[in-house]
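Peer 1: Below you'll find the structure I mean.
The values are calculated or read from the model by the stated rules, or taken from the named source; none is laboratory data. Note that the structure is a prediction, hence the values are computed from the model and not measured. A quick note on method: Cβ atoms are made from the backbone with ideal geometry, for glycine too, and the neighbour counts reach across all protein chains shown.
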Amino acid sequence: MVYFPNVEKIQYEGVDSQNPFAFRHYNPEEVIEGKTMKEHLRFAIAYWHTMTQDGSDPFGNPTNQRPWFGETPLETAKNRVEAFFEILVKLDAPYFCFHDIDIAPEGDTLEEFFSNLDIITDLIKEKMAETGIKLLWNTANLFSNPRFVNGAGSSNNADVFAYSAAQIKKGLDISKKLGGENYVFWGGREGYESLLNTDMALEQDNIARLFKMAIAYGEKIGHKPQFLIEPKPKEPTKHQYDFDAATTLAFILKYNLQDDFKLNLEGNHATLAGHTFEHELTVARINDALGSIDANQGDVLLGWDTDEFPTNVFDTTLVMIEILENNGIAPGGINFDSKVRRSSFAPEDLFLAHIAGFDTYARGLKGAAAIRADKFLSDLKAKRYASYETGIGANIMADKEDLESLTEYSLKNGAAITNESSHIELVKSHLNDYLV
Ligand code: XUL
Ligand code: CO
């Protein structure tokens, strides 16, 4: 069955195209810095926003018109696989991502859930073989079902911890079956509502225990995806333990997980934490922990996780600078953890929204490459830190100085130290010249 008979395979037509179902900037085969755009960007489509979310919000019912509903939940799940791969192929997306509950009905028992997952992942595997499309990452949803009301790995209830372990084991079996390149942990309910009744140390130790069990099981079955933790400061919990990149890195280092774990960073999670997206990428990159990104953007006027499709070229340019500085993001990718607005309820909006996202990241890539070619930011930084190239600065960098020697130096050098203006407004204005 064809679900989108009116949508052809989306082609690159260039900036002058008036066709809304065409890429105007994302040209998969265009070579930038020695790699094609497709290789740089490694786009992935999220099953949950594309196939499962229905357009409801806390104040209103579903709005989305979707052509894949069947007679039973399992039939709907099978139809979704068919429709999802049609979307992936027509968008020329090389990767996809999912939670276990996105793809298969949970049923009444864990056995039934596992059996549904087996049926659906058989279908997905066939589609992957047919199309060459690959699994960027999967994950276990350990936050929607009421059993996770007090967390998963961090739950006060050991039965919930055990159930979470079972879902993660199945997630890793599926990752192996489908050749997943990464495996994500987003701790949606790994946090607390009130410290009055929370043993924070026990909860964090237990989350780490669960992660170590995942590493051990991956080793046992001979499947080692890159493990990723996705930080988010809050929502649904008041305080999530993996608050931001820096907090999550501290957790990774405390529990000695750095050989197996990196970060999956998301635009709207960064802004909820009070950071820019590029801040989070920079923190990860300089600590060798930039794993993958969830591409979306928030709304400055709203204080929650709106997961909008990225359309802000300024942001994607700065994000792509970090990805290029990192020598790419593989085996991670750029996953559109983005959902169409409630008012964009037509099935075709799924294409229009992804085209907007792909084009916005392609613009970011082109702008970032131009900035790097001109050495615009690297020259600026080299000049700004030039005092560490020679003299006392070079000695400091070579660890040749101490408090006594620097006191002696400062006594001679005097208190009248000259600083230079940053001219930051000029810098920002020149940066605008690079926005594609
Ligand atoms: C929630 C979120 C999740 C993770 C995967 O804000 O981003 O969808 O990406 O669980
Ligand atoms: Co996400």
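Peer 1: Just wondering, is there one or more residues in segment 339-353 that are closer than 30 Å to residue 291 by Cα, more than 16 Å from ligand 2 (Cβ to nearest atom), without any contact (Cβ under 8 Å) to a residue 60 or more places away in the chain and touching an Asp or Glu at 6+ places or on another chain (Cβ under 8 Å)?
Peer 2: yes
Peer 1: Give all pairs with beta carbons closer than 6 Å in which a residue from segment 37-49 that is modelled with pLDDT of 95 or more meets a residue that is in a helix (DSSP H, G or I) and within 13 Å of ligand 2 (Cβ to nearest atom); count only pairs at least 6 apart in sequence or on separate chains.
Peer 2: 47/102; 48/102
Peer 1: For segment 356-376, which positions are over 18 Å from the mean Cα position of the chain (by Cα) and in a helix (DSSP H, G or I)? Write out each step before concluding.
Peer 2: At the first step, the residues of segment 356-376 found to be over 18 Å from the mean Cα position of the chain (by Cα) are 363, 366-376.
Answer for segment 356-376, where residues must be over 18 Å from the mean Cα position of the chain (by Cα) and in a helix (DSSP H, G or I): 363, 366, 367, 368, 369, 370, 371, 372, 373, 376.
Peer 1: Does residue 175 satisfy being in a helix (DSSP H, G or I), within 16 Å of ligand 1 (Cβ to nearest atom) and touching a Pro at 6+ places or on another chain (Cβ under 8 Å)? Don't jump to the end; show me each part of the working.
Peer 2: Values: in a helix (DSSP H, G or I): yes; within 16 Å of ligand 1 (Cβ to nearest atom): yes; touching a Pro at 6+ places or on another chain (Cβ under 8 Å): yes.
Spelling it out, residue 175 is indeed in a helix (DSSP H, G or I), within 16 Å of ligand 1 (Cβ to nearest atom) and touching a Pro at 6+ places or on another chain (Cβ under 8 Å).
Peer 1: Related question: From 318, 290, grab the single residue that is surrounded by 20 or more Cβ atoms within 10 Å (Cβ to Cβ) and within 16 Å of ligand 2 (Cβ to nearest atom).
Peer 2: Details: 318 fails: within 16 Å of ligand 2 (Cβ to nearest atom).
Result of the check over 318, 290: 290.
Peer 1: Restricting to segment 254-312, name every residue that is in a loop (DSSP other than H, G, I, E, B), touching a residue at least 40 places away in the same chain (Cβ under 8 Å) and among the acidic types (Asp, Glu).
Peer 2: Listed by number, the residues that qualify are 260, 305, 307.
Peer 1: Find the residue count for segment 131-161, including only residues that are outside any loop (DSSP other than H, G, I, E, B) and under 17 Å from residue 103 (Cβ atoms).
Peer 2: So in segment 131-161, the residues outside any loop (DSSP other than H, G, I, E, B) come out as 131, 134-139, 146-148, 158-161.
When the remaining residues are screened for being under 17 Å from residue 103 (Cβ atoms), the result is 131, 134-139.
So the count comes out to 7.
Peer 1: Also, I was wondering about something else. Filter segment 218-243 for residues that are without any contact (Cβ under 8 Å) to a residue 60 or more places away in the chain and aromatic (Phe, Trp, Tyr); which is farthest from residue 190 (Cα to Cα)?
Peer 2: Looking at the filtered set, the residue picked out is 227.
Peer 1: Of all the residues that make up segment 64-87, how many are crowded, with 16+ Cβ neighbours inside 10 Å and either within 26 Å of the chain's Cα centre (by Cα) or within 15 Å of residue 347 (Cα to Cα) (or both)?
Peer 2: Here the count works out to 12.
Peer 1: Continuing with this model, one more query. Within segment 404-416, does at least one residue satisfy the condition of being within 22 Å of residue 431 (Cβ to Cβ), more than 16 Å from ligand 1 (Cβ to nearest atom) and part of a helix (DSSP H, G or I)?
Peer 2: Quick first cut of segment 404-416, residues within 22 Å of residue 431 (Cβ to Cβ) only: none.
So far as segment 404-416 goes, no, none of its residues is within 22 Å of residue 431 (Cβ to Cβ), more than 16 Å from ligand 1 (Cβ to nearest atom) and part of a helix (DSSP H, G or I).
Peer 1: State the number of residues belonging to segment 206-239 that are small (Gly, Ala, Ser) and either within 16 Å of ligand 1 (Cβ to nearest atom) or under 16 Å from the mean Cα position of the chain (by Cα) (or both).
Peer 2: Within segment 206-239, the first condition is being small (Gly, Ala, Ser), and the residues that meet it are 208, 214, 216, 218, 222.
When the remaining residues are screened for being either within 16 Å of ligand 1 (Cβ to nearest atom) or under 16 Å from the mean Cα position of the chain (by Cα) (or both), the result is 214.
Total satisfying the criteria: 1.
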